[in-house]
Amino acid sequence: MKPQLLKISNPADYSFNLFNQDCPYFPTPWHYHPEYEIVLILEGDGKKFIGSSITDFQPGDLCMIGSYLPHYYKNSPEHYQGNPQLRAKSIVIHFLEEFMGDKFWELPEAQSIKLILERSKRGLQFGEETLAKVAPKMKSLVNLQGMSRLTEMLSILTIFSEAKDITFLTSNPISLRNEVDSARMNKVMEFVMQRYQEEITLEQVADLASMSESAFSRYFKKRTRRTFSQFLSEIRIEHACKLLMEDKMSVAEISFESGFNNLSNFNRQFKNLKKTTPLAFRMKFLK
């Protein structure tokens with residue numbers, strides 16, 4: 001999963017990009033772009049990687065992904081086996097921050113929307129209440145033109161700005177802003193996403209980036225706003241959360257399955273990130 005910088009072109013007669021995806025599986029690799037992105041899943045399931053988070057998606061999944069935040073939707077294995085009955089369908093909106101013009105964000109009425117754009121840099125997951133309001137609007141956008149299309153888009157962003165059922169998908173954003181950043185971190189991110197359940201050392205990832213350990217540590221922290229060990233721990237904790245919610249394994253089994261070498265370290269890291277214990281997290285979810 002290499003984060004690629006995608007070039008997204010808006011239609012000449014519209015200020016933002018809207019398209020329906022309908023394919024056997026979502027084909028876009030782990031990528032990033034300057035545009036903000038809104039994704040509504042209509043059909044298909046799997047796991048989505050947004051920043052450092054790993055969460056499930058299914059029909060009705062609604063997210064907003066900030067500018068330059070790497071992300072990737074990977075369908076469940078059944079979608080890659082040639083079954084014509086299985087489809088991956090979504091409605092996706094891409095828009096640049098200046099899609100309403102530079103002066104728009106100076107208006108007092110626009111400040112709440114400006115704030116939700118800033119918050120989306122951590123990746124936003126919306127709940128059922130917001131989904132019920134936004135899904136019909138996103139579906140209607142396909143048939144709208146001119147000012148009606150633009151005002152409906154502003155209506156969607158306004159609903160997001162007023163939403164109470166928001167979950168942040170990553171505690172700190174990852175922001176890759178050019179091809180140089182991407183080239184240096186491609187191998188590291190791919191390596192981590194494939195092997196986060198195994199032991200990973202700083203020496204290994206520094207070698208992949210062709211840097212010394214100290215230089216890589218400084219570089220990684222500048223780009224991601226956390227140390228490499230914090231980033232790796234976040235990914236492992238997110239994986240552990242999914243296992244805790246499935247309620248099929250003990251906490252001890254989950255700690256080792258998620259890449260932690262001992263239970264006490266797992267409990268400590270989990271509480272630091274989630275502000276609760278693994279067992280309390282599971283009980284709250286099951287309740």
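Worth pointing out:
- Residues that are within 25 Å of P34 (Cβ to Cβ), in contact with a Phe, Trp or Tyr (Cβ under 9 Å, 6 or more places away or on another chain), without any contact (Cβ under 8 Å) to a residue 24 or more places away in the chain and of a type in the set (K, R) do not occur anywhere in the range 89-106.
- Some residue of the range 162-175 being part of a helix (DSSP H, G or I) and either within 20 Å of F256 (Cβ to Cβ) or at pLDDT 85 or above (or both): yes
- One residue alone among K121, K114, K89, K103 is under 21 Å from D165 (Cα atoms), among the basic types (K, R), in the same structural domain as E35 (by TED's automatic domain parsing) and over 15 Å from the mean Cα position of the chain (by Cα), and that residue is K114.
- Residue tally, condition touching a Gly at 6+ places or on another chain (Cβ under 8 Å), crowded, with 19+ Cβ neighbours inside 10 Å and in a helix (DSSP H, G or I), over the range 118-134: 3
- Note on the range 51-62: residues that are closer than 18 Å to Y25 by Cβ and of a type in the set (A, V, I, L, M, F, W, C) amount to 2.
- You will find that of P84, P34, the residue that is over 23 Å from Q145 (Cα atoms), assigned to a loop (DSSP other than H, G, I, E, B) and within 16 Å of the chain's Cα centre (by Cα) is P34 and no other.
- Those helices (runs of 4 or more DSSP H) of the range 178-287 in which at least 3 residues are within 22 Å of the chain's Cα centre (by Cα), considering only elements entirely within it, cover 179-195, 213-224, 228-246, 263-274.
- Per-region count, the range 135-147, residues in a helix (DSSP H, G or I) and farther than 13 Å from N20 by Cβ: 5
The values are calculated or read from the model by the stated rules, or taken from the named source; none is laboratory data. Predicted model only: the values in this text are computed from it and were never measured. We place every Cβ from the backbone using ideal geometry, glycine too, and count neighbours over all the protein chains shown.
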